[in-house]
Amino acid sequence: MPNLRTSVTLLLLLAAQVSFLAPGLSYELLLTLSGYLAINFMSITMLLATRPARLESLLGGLDSMYQLHKWTGILAAIFALTHWLIEMADDGLEALFGSDRSLKEAHFSGLLDSLQDGAEDLGEPGLYLLLFLVVITLTRWVPYYYWRYLHRVIPLIYLVLAVHAMLLAPLKWWQQPTGWLMALLIVGGTVASLQSLTGQIGRNRRYKGLVQAVKQTSANITEVVCDMGRRWPGHQAGQFALVTFDRIEGAHPFSLAGADNDSGQLIFHIKALGDFTRKIPRKLHSGQTVTLEGPYGRFDPDNGRKNAQQIWVAGGIGITPFLAALESRLINSDQKHAAVKLHYCTAGAVDDPMLTRLQQLTEQLPDVSLYIHDSLRGQRLTANKLQIHDSRVDVWFCGPQGLAKALRSALKQQSISLRFHQEVFEFR
Ligand SMILES: Cc1cc2nc3c(=O)[nH]c(=O)nc-3n(C[C@H](O)[C@H](O)[C@H](O)COP(=O)(O)OP(=O)(O)OC[C@H]3O[C@@H](n4cnc5c(N)ncnc54)[C@H](O)[C@@H]3O)c2cc1C
């Protein structure tokens, strides 16, 4: 789990900042270290919420960036809770570890003193609200549609807790990199919070267009073509966009299911997987305005290692990024492409509209061998059906989490150098 690994690395770096500067373990060190980690992880979480374009390549795409956002958010909540528990157990911990007056908060007078008292009082209710919002995010009790409005309250809580941290931090921190780093992250987190509260996040990557065609291609898949004209900045195969068909409903991520051919026409294949997507065939009609934010994502199935066998695995609607990659190969047929074994898992090949398109494309691409696994005919894809014949293998996967897990763990048993790239069709 790269995102957890990244979070832990951040954790160690931040913790070292405080621990090395303290003479020894004390109640105050425990209190300030936990507070320091909590507010810094909250700041990093807020910064990641702004979908920073510059970090997307580094973090492997927006879907991975959101996974890191989730983990830094979880760590922030854990340290905030620890900070509160340490504060609750102050007498016991002071008796156990002693006290370090140099880590006490600064003594202000006048306005700053009353602000400091206010910030201290706001710490606890801020924590309760934060924990409540983190728990409902992780438990998914609340449907996505309502959850995303609740999630927007977090920047407000962050601003309160940032003031709490700034006013209660030990004075001596402000003469050391510890305080400077915290201040820098809080400035970043504050800007990110204000951007979120004013709806600025992603605004400079939004493009308006028109829905050109809506066609139901099967009982639960709808093909939507959007005309973005010259406004669309172009996209790589495998990327997705945050698509807003209805402002109240908000944006949903859908893969750009066609390669960029400079026509400004973008195609999406949308499966009825939930409340909104079930309504699309009825609600959406041509001529309606649409807003696209993006493109996002760094899932590029044609970006495999040289001299490694390339295996593409798509489950159901997870075929969409691969349709774009196949089209892109056709458009760039003058370029050399690696041979690919494309495994497509479907539940009923007979009426699967994706299969028709897939066969049309792969028939024109001799480097791509297509394998269909139809669960209705009892054909289930397992690692030994992937037809691996090389010691270096790149797997590009988009589909159900369970299948990804099964294939990844089985492949890890084999003595091969494996790179398993996965596009996650889930943000939360
Ligand atoms: C990177 C990416 C690419 C995707 N590409 C496609 C595609 O090409 N075709 C396709 O059919 N589906 C695609 N999806 C899935 C699609 O976004 C969800 O199925 C859709 O948002 C569900 O909305 P709903 O209201 O119908 O579902 P709900 O019943 O509200 O939710 C079902 C699940 O969908 C997710 N979801 C719901 N609303 C949103 C939202 N606004 N933003 C993010 N996730 C949400 C939630 O995790 C939720 O658990 C993709 C998802 C991601 C993350």
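The values are calculated or read from the model by the stated rules, or taken from the named source; none is laboratory data. Values in this document were obtained by computation on a predicted structure and should not be read as measured data. So basically every Cβ, Gly included, is an ideal-geometry build from the backbone, and we count neighbours across all protein chains shown. All accessible areas refer to the heavy atoms of the entire protein, side chains included, with ligands and DNA or RNA removed. Shrake-Rupley method; radii C 1.70, N 1.55, O 1.52, S 1.80 Å.
A few comments on the model shown:
- Number of the exception - Q310 against (1) assigned to a strand (DSSP E or B); (2) polar (S, T, N, Q); (3) within 13 Å of the ligand (Cβ to nearest atom): (3)
- Among the residues of segment 211-245, just one is open to solvent by less than 10 Å² (accessible area, probe 1.4 Å), under 28 Å from A53 (Cα atoms) and in contact with a helix residue (DSSP H, G or I) (Cβ under 6 Å, 6 or more places away or on another chain), namely G238.
- Any chance L292 is more than 10 Å from the ligand (Cβ to nearest atom), open to solvent by less than 10 Å² (accessible area, probe 1.4 Å) and within 22 Å of the chain's Cα centre (by Cα): yes
- Scope segment 106-125; condition of a type in the set (A, V, I, L, M) and open to solvent by less than 60 Å² (accessible area, probe 1.4 Å); matching residues: A106, A119
- Considering segment 225-245, and only residues there that are within 13 Å of the ligand (Cβ to nearest atom) and free of Cβ contacts under 8 Å to residues at least 60 places away in the same chain, the residue that is nearest to H285 (Cα to Cα) turns out to be F245.
Results for (1) touching a Cys at 6+ places or on another chain (Cβ under 8 Å); (2) open to solvent by less than 40 Å² (accessible area, probe 1.4 Å); (3) more than 19 Å from L81 (Cβ to Cβ); (4) not assigned by TED's automatic domain parsing to the domain that holds A49, shown as yes or no for each residue.
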| position | (1), (2), (3), (4) |
| --- | --- |
| L127 | no, yes, no, no |
| L130 | no, yes, no, no |
| L138 | no, no, no, no |
| W147 | no, yes, yes, no |
| I154 | no, yes, no, no |
| I157 | no, yes, no, no |
| V160 | no, no, no, no |
| T178 | no, yes, yes, no |
| L184 | no, no, yes, no |
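- Restricting attention to segment 386-428, the residues that are assigned to a loop (DSSP other than H, G, I, E, B), within 14 Å of the ligand (Cβ to nearest atom) and not small (G, A, S) add up to 6.
- Restricting segment 246-273 to residues that are more than 7 Å from the ligand (Cβ to nearest atom) and open to solvent by less than 30 Å² (accessible area, probe 1.4 Å) leaves a set whose member that is farthest from the chain's Cα centre (by Cα) is G264.
- Pairs with Cβ under 7 Å, 6+ apart, first in segment 251-271 and closer than 18 Å to C398 by Cα, second open to solvent by 50 Å² or more (accessible area, probe 1.4 Å): A259/I331; K271/N220
- Single residue of Y344, Y371 found to be open to solvent by 50 Å² or more (accessible area, probe 1.4 Å), in contact with a His (Cβ under 8 Å, 6 or more places away or on another chain) and in contact (Cβ under 8 Å) with a residue 24 or more places away in the chain: Y371
A quick yes/no check of all residues on (1) under 27 Å from V160 (Cβ atoms); (2) surrounded by fewer than 18 Cβ atoms within 10 Å (Cβ to Cβ):
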site: L58; (1), (2): no, yes
site: D63; (1), (2): no, no
site: Y66; (1), (2): yes, no
site: F79; (1), (2): yes, no
site: W84; (1), (2): yes, no
site: G92; (1), (2): no, yes
site: A95; (1), (2): no, yes
site: G98; (1), (2): no, yes
site: K104; (1), (2): yes, yes
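- Given (1) within 10 Å of the ligand (Cβ to nearest atom); (2) crowded, with 17+ Cβ neighbours inside 10 Å, index of the condition K279 fails: (2)
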